[in-house]
Each structure stands twice: as structure tokens, then as C-alpha cells.
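Structure record follows, encoded as C-alpha cells.
The values are calculated or read from the model by the stated rules, or taken from the named source; none is laboratory data. Predicted model only: the values in this text are computed from it and were never measured. As a convention, Cβ positions derive from the backbone with ideal geometry for all residues, glycine included, and neighbour counts pool all protein chains shown. The accessibility values were calculated without ligands, DNA or RNA, using every heavy atom of the protein model including side chains. Shrake-Rupley method; radii C 1.70, N 1.55, O 1.52, S 1.80 Å.
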Amino acid sequence: MKSFENSAVKVFLKKGREKSVKNFHPWIFSGAIERITGEFLAGDVVSLFSQGGGFLAKGFINPQSQIRIRILSFLEEPINPEFFIGRISDAYQFRKRILPVRTNAFRVVHGDGDCLSGLVIDTYNSVLVIQIFSKGMERLRPHLREWMESVFDSAVMVERTEGTSLLEEGIPVNKEIIKGSVPEELHIEENGMVFKVDVWNGQKTGFYLDQRDNRQRMAVWSGGKKILNCFSYSGGFSVAAALKGAITVSVDVSEKALELARQNFGLNGLNPAEHRFEAQDVFDFLQNNKEQFEIVVLDPPAFIKKRAQVPRGARAYKEINRLAMARVQTNGLMLSCSCSAHLSWDLFQKIIFAAAQESRRNVQIIGRYGQPPDHPINIYHPEGEYLKSLLLRII
Ligand code: SAH
């Protein structure tokens, strides 16, 4: 059977640097490597050894990336098509077990969270959208379609490999229809709600699947309330709240996103004319508008994309949270989110603390939420935890 391994190559770690591998961390940084024997290409699957020559793991090698090796397996097992099909299939079977009813859009494969470093697969009502974030997975692109066909019964497959992290791995943008044709109108179901998803031109792979559980949570509180949804994208939180009888204001800088939001209201039997859609920068909206709301949702894009941006990003989070808190009426609720992986829970809470202090508001944390179960975090890879949400009561 076909193997993807370059068995001519051996990577030896420096003395003592096997500790992270023994702790099953899937990344080996360049500084931990002592020497490499044999010729290889970026993205090859190679074997990793301790300085003393003991086998440690197998993974993708990429001399261009600080993450020099992305481990696929800690066992001496063959890395062949069955290996990848097995991992993808296992991830898919698990999703089917844990998904809420009346939901057909979810993340099937979540990179290192599913021990498939650099591969993301989302499905939208059977339309598969993949993203590739590692050189190794990029090299395997010619095989992906076949593997996915053996796991899924999907007529449409699209690739949306885009974004800033590609540069660090040295892989080019690739936007491609792999199979079939993208439907003009693609509708998905999430907890019984209907959303139109644009997998070709929409943000990310088309929809923010990771906020599914938070949309449900906030809807519970929304009956008859006035809600401000900041960074609304296609109106996920707004539709969930409006279906419970809330009056919503959705703010997003993208007019295209708001047009989708209006359509999503209609698809759920709601009249968009009874709600407001503001195509504005949220910072400006919050500064220029003194209106008060019973519930505010604040779900900004990642302000921190690399570690060096932590101080500046933290200031932006503080500022936007301070401005948003001022819009929450006494006894109201605010859901504050951060999807920056480089922002720790600890620092996030300190930022909320600073925003509360500057706003001179009394604030209680009444909920702390992370990623939904289709975005699992490998316990040995804490870097995979990115979404943090605090539900606050603003007094
Ligand atoms: N809460 C949304 C996802 C938000 S993603 C959901 O549940 O689907 C972040 C959104 O912020 C994007 O739609 C993007 O267009 C928007 N955005 C980015 N910067 C912005 C800014 N400065 N002001 C307003 N919107 C912004």
C-alpha cells in the first residue's frame, strides 16, 4: 500500500528536548532540532528521534516554518491513505454523535484538535469546504478529494485556503471548486434556524459555526428584549434573538454581510423591516450612539493574530468592551467574546476588569464559555483553544 513517508530522513532532537513530545505536544519548533540526516522536501512525512536515537513520532517537516515538525502520530504506524481516512472518518462519526438536532452545518475536522495538523473541514448541508494550513497537508492536496469521497457522500467540495497564517507556512492562497458546482442558494439549518451561507465569497468558510452554542444561550435570555449585536456578520445572534421576540440592531462594517443578515431574517419568517441593520464601524457606532440596550453581544474579529500583537490587541479589546458596556442598561447582559488564540483567559478577564473599572460599572461574570464540541481542543495542544466568551451582568 502507498505510503507518504520519506523513510530516508531522520530528525534528531537536542538532548532533553523530547520532553514536549513525551507530553504529546504536536509541534516541534526549529530550536529543538539538533540535526537532520537525508534529503527531503518541505511537507514530507519524516520520523523523529531523541538524541539517543529512540523513536519519538512521525510528522510533516517544513523548513520554512518556525513549527518545523507537525506531529501526526506518536506510534510507529504507517502514514498512508488509511491513516488519514481513519482520522477523518473518526472525527466525522464523533460529530454525528454530538450534534444538536436540526443542525446540518458543522466543523468536521478541526486541525490539531483532531490530530490532523493543518486541515480544517466544514460541512454546510453536505457542501464540504476545506482549508489547508500546513505544508504537509498542501502536499497531500491531490489525495484529499479521494479520501473525502470515501468518508462523505457529498456532491460539492470547495477549497478556501486563505488568510495571514499561510505566509508562515509558505503556502499560497488556493480558492478552488474541487467537485461539483456551488449552489446559488445554499441554506443550512442550525438548531432549527435557517441561514443562507455563501461558501464561495462569505467570510471564513461561510459561517461562524463556532458561535452556535452561544447563539442558543443568548436566545434564551432574549424574550421581548432590545438587543445590540455588534460585529453581527450574517445576523446569527440577531435571528436567534428575534425568533424569541427580541428587537435587534445588527452592526457590521460589511454591507454584504448585512444584506445576508436581512435575507436570513426573511428565511426565518421574520420581517427585517422591524429590525435595524447599521453598516458602520462598531467603534464609531458605539461612540456616536448613546442608545441603551438590555443585551449587547460583542463578537469582534481577532484583534491579535500573532504574539507580538498582544499589547496592542489587548488595548483594542479594552476599548471596545468599555464602549459596549456604556450601552448596556442597568441590570442588562453583555456577551463579550474573543477569538484570538494568543489572548489567554486570564488576560481576557483582566481586560474586562479594566473596561468595567473605567466604565465605573459593577460587573458580575455569570457565564464562561469556550468552543462548541465540533471545535475540540487537544488536551496536549492548549494553543488550539481560541474562542473565549464571558457572559456579564452589568449593574
Ligand atoms: N457574531 C458573528 C461573527 C462575527 S465575525 C456571527 O455569529 O456570525 C466578525 C465580523 O466583524 C465580520 O462580519 C466583519 O465584517 C466585522 N467587522 C470587522 N471589523 C469591524 C469593525 N471595525 N466594525 C464593524 N464590523 C467589523
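Assorted remarks:
- Residue 157 falls short on exactly one of the conditions (1) closer than 19 Å to residue 44 by Cβ; (2) free of Cβ contacts under 8 Å to residues at least 60 places away in the same chain; (3) in contact with a Gly (Cβ under 8 Å, 6 or more places away or on another chain), and that condition is (1).
- Any hit, the range 372-392, residues being part of a strand (DSSP E or B), under 17 Å from the mean Cα position of the chain (by Cα) and buried (at least 20 other Cβ atoms within 10 Å of the Cβ): yes
- Test set (1) open to solvent by less than 40 Å² (accessible area, probe 1.4 Å); (2) closer than 25 Å to residue 142 by Cβ - residue 85 fails condition number: (1)
- Check on residue 340, in a strand (DSSP E or B), open to solvent by less than 10 Å² (accessible area, probe 1.4 Å) and among the hydroxyl-bearing types (Ser, Thr, Tyr): no
- So residue 273, is it surrounded by 24 or more Cβ atoms within 10 Å (Cβ to Cβ), more than 9 Å from the ligand (Cβ to nearest atom) and more than 21 Å from the chain's Cα centre (by Cα): no
- Selection over the range 43-71 of residues that are touching a residue at least 40 places away in the same chain (Cβ under 8 Å) and either open to solvent by 30 Å² or more (accessible area, probe 1.4 Å) or of a type in the set (Val, Ile, Thr) (or both) gives a count of 10.
- Single residue of 263, 280 found to be under 25 Å from the mean Cα position of the chain (by Cα) and free of Cβ contacts under 8 Å to residues at least 60 places away in the same chain: 280
- Selected residue (only one of 170, 118, 136 is at pLDDT 95 or above, buried (at least 22 other Cβ atoms within 10 Å of the Cβ) and over 19 Å from the mean Cα position of the chain (by Cα)): 136
- Filter result for the condition that a residue is in the same structural domain as residue 332 (by TED's automatic domain parsing), out of contact with any Phe, Trp or Tyr (no Cβ under 9 Å at 6 or more places or on another chain) and either part of a strand (DSSP E or B) or at pLDDT 95 or above (or both), over 309, 287: 287
- The listed residue being within 15 Å of the ligand (Cβ to nearest atom), closer than 25 Å to residue 236 by Cβ, assigned to a helix (DSSP H, G or I) and aliphatic (A, V, I, L, M), out of 324, 302, 355: 324
- Residue match in the range 360-367 (condition: touching a strand residue (DSSP E or B) at 6+ places or on another chain (Cβ under 9 Å), within 14 Å of residue 324 (Cα to Cα), modelled with pLDDT of 95 or more and open to solvent by less than 30 Å² (accessible area, probe 1.4 Å)): no
- Wholly enclosed strands (runs of 3 or more DSSP E) of the range 4-110 bearing at least 2 residues more than 30 Å from residue 128 (Cα to Cα) and more than 28 Å from the chain's Cα centre (by Cα): 5-13, 33-37, 45-49, 55-61
- Helices (runs of 4 or more DSSP H) completely within the range 163-264 that count 2 or more residues being within 16 Å of the ligand (Cβ to nearest atom): 212-221, 236-242
- Residue 318 fulfils the conditions (1) more than 23 Å from residue 250 (Cα to Cα); (2) of a type outside the set (Val, Ile, Thr); (3) within 16 Å of the ligand (Cβ to nearest atom) except for a single criterion, (1).
- All positions within the range 141-159 that are open to solvent by 10 Å² or more (accessible area, probe 1.4 Å), within 27 Å of residue 70 (Cα to Cα) and either acidic (Asp, Glu) or outside any helix (DSSP H, G or I) (or both): 146, 149, 152
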